[in-house]
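Peer 1: Here's a structure for you.
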Amino acid sequence: MEIVILPTAQEVGEMAARIVADVVRRKPTAVIGLATGSSPLGIYASLEARVKRGELDFSRVRAFALDEYVGLAPSHPESYHDVIDRTATRPLGMDPALVHVPDGTAADLAAACRHYEHMIDDAGGVDVQILGIGANGHIGFNEPTSSLASRTRIKTLTPQTRQDNARFFGSLDEVPTHCLTQGLGTIMRARQVVLVAQGAAKATAIGTAVEGPVSAMCPASVLQLHEHATIVVDEDAAAGLKLVPYYKHTYANKPDWQRV
Ligand code: F6R
């Protein structure tokens, strides 16, 4: 794992965007994994600026979202279909036909999950996966005790996650209770992963994910087993890490040829 600690949330977004931009520049038909929530918004904004400056072209990029609520129509403003469309597909100039989100309204949800896994495989797998992290260490909606080998499936959201996400809805009651999410095994198959976290509310989760044991109690800790994972955090989100001086030293002394 590479741990990058930057002074501000804005720099976190810029740095993670550089990683994604580098993949897309090398492979214009890259497959990218998209996250929703607040954490990746800075990444999308920074990528959008590059597209507007004519430095980057997402028109042939294929994308798979991590997750979707069960029971929200794709047209609902808080469905991840709509959120991804608003925050990533349109601003980046992606072709909507190439952007996929699990179908949380399918009559057969288990079949929809299997189909999603097949689509990712058929696309050749994910080149770079963008991740945020929940205060309880979840990635995607893989809540604590999720199987480290899990694939796309139906999950029950924890009360904490529903509470955390209530800010996007009119009230807690409107937050769905279930979701479809890529599994930890699905995420681990991405060739590269970049996880971003900003703010003190993520400090415990980052400390446990990076320096704790690999454990289903902190789903993001599975990334310790990934061969190309970069964790980009601001100072507040780094507050739970014990080896901050080492991570800063490593980053400051990174050879130029390794820099993104
Ligand atoms: C979103 C997702 C979640 C979020 C996490 C953090 O697709 O899968 O794991 O990344 O809940 O959410 P924010 O970024 O809103 O703090």
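The values are calculated or read from the model by the stated rules, or taken from the named source; none is laboratory data. None of these values were measured; they are calculated from a predicted model. Backbone-built Cβ (ideal geometry, glycine too); neighbour counts: all protein chains shown. Surface accessibility is based on the protein's heavy atoms, side chains included, excluding ligands, DNA and RNA. Shrake-Rupley method; radii C 1.70, N 1.55, O 1.52, S 1.80 Å.
Peer 1: Which members of the range 89-111 meet the condition of being more than 24 Å from PRO159 (Cα to Cα) and either open to solvent by less than 20 Å² (accessible area, probe 1.4 Å) or in contact with a His (Cβ under 8 Å, 6 or more places away or on another chain) (or both)?
Peer 2: THR89, LEU92, MET94
Peer 1: Just to be sure before I move on: is ILE133 within 10 Å of the ligand (Cβ to nearest atom), in contact (Cβ under 8 Å) with a residue 24 or more places away in the chain and either more than 26 Å from THR230 (Cα to Cα) or in contact with a strand residue (DSSP E or B) (Cβ under 9 Å, 6 or more places away or on another chain) (or both) in the structure I sent? Let's see the steps before the verdict.
Peer 2: Values: within 10 Å of the ligand (Cβ to nearest atom): yes; in contact (Cβ under 8 Å) with a residue 24 or more places away in the chain: yes; either more than 26 Å from THR230 (Cα to Cα) or in contact with a strand residue (DSSP E or B) (Cβ under 9 Å, 6 or more places away or on another chain) (or both): yes.
Spelling it out, ILE133 is indeed within 10 Å of the ligand (Cβ to nearest atom), in contact (Cβ under 8 Å) with a residue 24 or more places away in the chain and either more than 26 Å from THR230 (Cα to Cα) or in contact with a strand residue (DSSP E or B) (Cβ under 9 Å, 6 or more places away or on another chain) (or both).
Peer 1: If LEU72 satisfies all but one of (1) among the hydrophobic types (A, V, I, L, M, F, W, C); (2) touching a Ser or Thr at 6+ places or on another chain (Cβ under 6 Å); (3) under 30 Å from ALA239 (Cβ atoms), what's the number of the condition it fails?
Peer 2: It fails just one condition, (3).
Peer 1: Hey, another quick one. Does PHE141 count as touching a residue at least 12 places away in the same chain (Cβ under 8 Å), within 15 Å of the ligand (Cβ to nearest atom) and surrounded by fewer than 16 Cβ atoms within 10 Å (Cβ to Cβ)?
Peer 2: Numbers: touching a residue at least 12 places away in the same chain (Cβ under 8 Å): yes; within 15 Å of the ligand (Cβ to nearest atom): yes; surrounded by fewer than 16 Cβ atoms within 10 Å (Cβ to Cβ): no.
Against the criterion (touching a residue at least 12 places away in the same chain (Cβ under 8 Å), within 15 Å of the ligand (Cβ to nearest atom) and surrounded by fewer than 16 Cβ atoms within 10 Å (Cβ to Cβ)), PHE141 does not qualify.
Peer 1: Does the range 60-76 contain at least one residue that is farther than 22 Å from LEU157 by Cβ and open to solvent by 10 Å² or more (accessible area, probe 1.4 Å)?
Peer 2: Step one: of the range 60-76, the residues farther than 22 Å from LEU157 by Cβ are 60-63.
Still in the running and open to solvent by 10 Å² or more (accessible area, probe 1.4 Å): 60, 62.
Looking through the range 60-76, at least one residue is farther than 22 Å from LEU157 by Cβ and open to solvent by 10 Å² or more (accessible area, probe 1.4 Å).
Peer 1: Sticking with this structure for a sec: Show the residue pairs that are 6+ apart or on different chains and have beta-carbon atoms under 7 Å apart, the first residue being within the range 20-39 and more than 16 Å from the ligand (Cβ to nearest atom), the second being acidic (Asp, Glu) and open to solvent by less than 50 Å² (accessible area, probe 1.4 Å).
Peer 2: Listed by first residue and then by second, the contacts come to VAL23/ASP127; LYS27/ASP127; ALA30/ASP127; VAL31/ASP127.
Peer 1: Still on this structure, I have one more. Can you give me the number of residues within the range 1-55 that are over 20 Å from ILE187 (Cβ atoms), open to solvent by 20 Å² or more (accessible area, probe 1.4 Å) and among the small types (Gly, Ala, Ser)?
Peer 2: Residues flagged as over 20 Å from ILE187 (Cβ atoms), open to solvent by 20 Å² or more (accessible area, probe 1.4 Å) and among the small types (Gly, Ala, Ser) within the range 1-55 amount to 5.
Peer 1: Among the numbered criteria (1) in contact with a Gly (Cβ under 7 Å, 6 or more places away or on another chain); (2) closer than 23 Å to HIS138 by Cβ; (3) more than 15 Å from the ligand (Cβ to nearest atom); (4) not β-branched (Val, Ile, Thr), which single criterion is violated by GLY104?
Peer 2: Every listed condition holds for GLY104 apart from (3).
Peer 1: Scan the range 190-234 for residues that are open to solvent by 10 Å² or more (accessible area, probe 1.4 Å) and within 15 Å of ILE130 (Cβ to Cβ) and jot them down.
Peer 2: Across the range 190-234, the qualifying residues are ARG191, GLN192, GLN198, HIS226, HIS228.
Peer 1: Just to check your reading of the model, which residue among LEU157, LEU109, LEU172 is under 16 Å from GLY71 (Cα atoms) and more than 16 Å from the ligand (Cβ to nearest atom)?
Peer 2: Working: LEU157 fails: more than 16 Å from the ligand (Cβ to nearest atom); LEU172 fails: more than 16 Å from the ligand (Cβ to nearest atom).
Checking each option against the conditions leaves just LEU109.
Peer 1: Take the range 175-215 and flag every residue that is farther than 25 Å from LEU6 by Cα and of a type in the set (S, T, N, Q).
Peer 2: THR177, THR181, GLN182, THR186, SER215
Peer 1: Also, I was wondering about something else. Check off (1) open to solvent by less than 40 Å² (accessible area, probe 1.4 Å); (2) more than 10 Å from the ligand (Cβ to nearest atom); (3) hydroxyl-bearing (Ser, Thr, Tyr) for THR181 and give me the number that stays unchecked.
Peer 2: Here THR181 clears every test but (2).
Peer 1: Look at the range 149-163 and say how many of its residues are more than 19 Å from LEU109 (Cα to Cα) and either open to solvent by less than 60 Å² (accessible area, probe 1.4 Å) or in contact with a strand residue (DSSP E or B) (Cβ under 8 Å, 6 or more places away or on another chain) (or both). Outline the logic, then answer.
Peer 2: As a first pass, look at the range 149-163 and keep what is more than 19 Å from LEU109 (Cα to Cα): 149, 158-163.
Filter once more, keeping what is either open to solvent by less than 60 Å² (accessible area, probe 1.4 Å) or in contact with a strand residue (DSSP E or B) (Cβ under 8 Å, 6 or more places away or on another chain) (or both): 158, 161-162.
The number of residues fulfilling the criteria is 3.
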